[in-house]
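As structure tokens, the structure follows; a few thoughts come after it.
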Amino acid sequence: MSAVREAPVDRRSRQSEVVERLARLLPAESVLVDREELKPYECDGLSAYRETPLIAVIPADEAGVAAVLAVARDARMPVVARGSGTGLSGGALPLADGILLSLAKFNRIVEVDPLGRKARVQPGVTNLRISQHVAPLGLYYAPDPSSQIACSIGGNVAENSGGVHCLKYGLTVHNVMRVRALTIEGDAIDVGSEALDAPGYDLLALLTGSEGLLAVTLEVTVRLLAKPEAAQVVMASFTDVEHAGEAVANVIGAGIVPSGLEMMDRLATRAVEDFVHAGYDLQAEAILLAESDGTREEVEHQIAKVIDVMRSSGATDIRCSANEAERLRFWSGRKAAFPAVGRISPDYYCIDGSIPRGALAAVLKRIEELSAQYGLRCANVFHAGDGNLHPLILYDANVPGELEKTERFASDILELCIAVGGTITGEHGVGVEKINQMCLQFGRAEIEQFHAVKAAFDPDGLLNPGKGVPLLARCAEYGAMRVKGGVLPHPDLPRF
């Protein structure tokens with residue numbers, strides 16, 4: 001999946017020419033060319049795929065970014081913008097013949113407007129830092145990916161990230177008001193509005209989740225919310241993942257919208273409990289975490305309804321957080337799931353797909369069958385309330401052929417999501433990881449329109465090429481493209 005390397009002589013010659021131009025425009029310490037300096041940029045969180053960029057640059061202001069884009073444009077050299085590098089789909093994977101544009105120095109919270117409940121921040125600001133900064137004002141930023149301590153807002157915009165509270169409060173696209181960005185032509189554009197709506201086409205929604213293919217984000221205005229008066233978590237245990245999946249559908253079917261509704265299977269909870277001691281039930285085959293927030297009266301009423309639904313759905317044990325410390329401890333386990341699983345396997349591969357909630361039980365059963373078929377363990381951790389799956393396939397990259405087997409397992413899960421009427425991504429993006437499955441998710445006409453949008457912003461295809469949207473030739477090579485009615489890889493699976 002990585003880019004094809006140039007011949008060494010060509011690489012050095014081109015590198016020298018571009019570095020010479022960049023050195024006249026940027027401070028020397030902002031242009032990295034030594035292999036040791038470039039090594040930290042060779043991958044994002046999807047470390048199975050690596051490539052060393054030709055050059056890495058770390059500008060400190062808008063003029064510096066514009067200068068980099070101008071050099072790239074003149075040299076017809078591709079540019080990959082990078083935030084914190086915590087993405088999980090290879091969206092920030094560099095190119096061997098390209099520039100890696102780091103926005104790490106864009107790390108200021110520019111302005112906070114507590115009355116308007118909004119903040120202007122640079123793209124290198126971490127997700128959690130916003131909430132920490134405005135906490136004394138009784139405010140916070142709702143999207144909270146598990147990597148929020150490290151992931152940057154620019155990356156959140158690129159991938160349309162979510163988090164454990166996205167069921168009630170939405171993804172990044174629902175919590176961003178305005179984005180300032182630079183096009184490959186060096187034009188600064190401001191999309192969205194700090195008012196309730198903006199005139200014209202909804203370019204803000206287009207840029208959010210565009211994976212760096214259309215423009216380079218320079219500043220983001222985010223929506224802030226008032227901290228709820230109270231919050232409480234219900235932890236329910238189940239004897240199998242199918243019953244837990246049915247309980248999720250029953251909660252939503254009862255008209256309840258928790259602020260968070262998460263599921264973890266036994267493999268995941270055991271790894272987590274050994275890591276952070278969150279107080280999980282290790283005898284359960286699956287647990288659900290359902291949180292309610294709002295006024296104390298609202299929370300009390302909703303928690304009672306959630307408990308009733310969990311009991312009627314077959315929960316074998318139910319616990320409620322008794323205080324704020326216990327609530328945070330329950331969530332700490334869920335948010336530590338990825339690093340916890342990393343402690344029980346040499347490697348793991350994280351999938352991100354979304355399905356209709358009604359398909360949860362059937363899909364989880366099928367993933368269990370695939371796990372047995374491939375002989376690879378799979379820990380299930382996901383945003384159950386909105387059907388966003390995060391199966392973690394455990395493997396050992398040192399075993400010949402095991403990564404390739406893992407990739408086939410992952411492909412089957414993604415195609416399973418399509419088969420039941422879902423999508424191949426929820427919040428991690430397509431990147432390089434899922435580009436083949438895009439051929440199944442969409443037909444020729446849709447893919448051609450995606451390329452037309454890309455060309456309108458970036459006619460020479462210099463921004464993050466090879467990511468997100470496949471060429472039609474690639475789909476032909478992959479040997480599949482969506483047909484009316486989709487594909488059903490298993491006869492027992494219903495389409496929702």
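The numbers here are math on the coordinates, done by the rules we state, and not lab data. On a predicted model such as this, the values are computed, not experimentally measured, just so you know. Every residue, glycine among them, receives a Cβ derived from its backbone with ideal geometry; neighbour counts consider all protein chains shown.
Taking a ≥ b ≥ c as the square roots of the eigenvalues of the Cα gyration tensor of region 213-354, is the shape rounded (a/c under 1.5), prolate (a/b larger than b/c) or oblate? Here region 213-354 falls in the oblate category. Dividing the Cα radius of gyration of the chain by 2.2 N^0.38 Å, with N the residue count, gives 0.98. Paramagnetic label reach from Asn323 (point 7 Å along Cα→Cβ; backbone nitrogen cut-off under 15 Å): within region 126-145, no residues.
Just so you know, the Cα atoms of region 109-226 work out to an Rg and Dmax of 13.2, 41 Å. Sorting the segments 220-231, 441-452 by their mean number of nearby beta carbons within 10 angstrom, highest to lowest, gives 220-231, 441-452. Taking the C-alpha atoms only, the angle from helix 402-419 to the longest principal axis of the chain is near 70 degrees. Across region 135-145, coupling constants 3J(HN,Hα) worked out from phi with the 6.51/-1.76/1.60 Karplus curve, θ = phi - 60°, read 4, x, 8, x, 10, 7, 9, 5, x, 9, x Hz, and Gly and Pro carry x. Here the calculated FRET efficiency for Asp34 and Glu300, from their Cβ-Cβ distance with R0 = 45 Å, stands at 0.15, rounded to the nearest 0.05. Separation of region 426-445 and region 71-109, taken as the distance between their Cα centroids, equals 21 angstrom.
Here each label is just a point 7 Å from Cα along the line to Cβ, and for Ile189 and Phe450 those points are 1.9 nm apart. For Leu218, the residues whose amide H sits under 5 Å from its own are Arg180, Ala181, Leu182, ignoring neighbours fewer than 5 places away on the same chain, with H placed 1.01 Å from N. Relative to the longest principal axis of the Cα atoms of the chain, the long axis of helix 8-25 lies at roughly 90 degrees. On a 28 Å Cα-Cα criterion, which of the cross-link pairs Lys405/Lys454; Lys118/Lys305; Lys405/Lys467; Lys105/Lys405; Lys118/Lys168; Lys39/Lys168 come out too long? In this structure, Lys405/Lys454; Lys118/Lys305; Lys105/Lys405; Lys39/Lys168 exceed 28 Å between Cα atoms. Against the longest alpha carbon principal axis of the chain, how many degrees, from 0 to 90 and to the nearest 10, is the axis of helix 296-312 turned? With rounding to tens, the tilt is 70 degrees.
Using the average count of surrounding beta-carbon atoms within 10 Å as a protection proxy, the listed peptides 361-368, 272-279 rank, highest first, as 361-368, 272-279. What FRET efficiency comes out for Ser16 versus Leu115 if R0 is 51 angstrom and r is the Cβ-Cβ distance? Round to the nearest 0.05. After rounding to 0.05, the efficiency reads 0.45. For the chain, taking a cut-off of 4.7 Å between Cβ atoms, the unpaired cysteines are Cys43, Cys151, Cys166, Cys320, Cys350, Cys378, Cys417. Taking 0.36 nm per residue of separation and subtracting the Cα-Cα distance, full extension of the segment from Leu225 to Ala96 would add 42.2 nm. FRET efficiency for the pair Asp274 and Gln132, taken as 1/(1 + (r/R0)^6) with r the Cβ-Cβ distance and R0 = 25 Å, rounds to 0.30. Quick check: from the Cα gyration tensor, does region 347-478 come out rounded (a/c under 1.5), prolate or oblate? Prolate. Over the Cα atoms of region 23-141, the radius of gyration divided by the Kirkwood radius equals 1.05; this is the Rg/Rh ratio. Counted by Cβ distance under 10 Å from Leu204, the other residues give a net charge of -1, where Lys and Arg count +1 and Asp and Glu count -1. Using every pair of distinct Cα positions in region 189-263, the Kirkwood expression returns a hydrodynamic radius of 16.8 angstrom. Relative to the current alpha-carbon distance between Asp197 and Glu477, full extension at 0.36 nm per residue lengthens the span by 96.5 nm.
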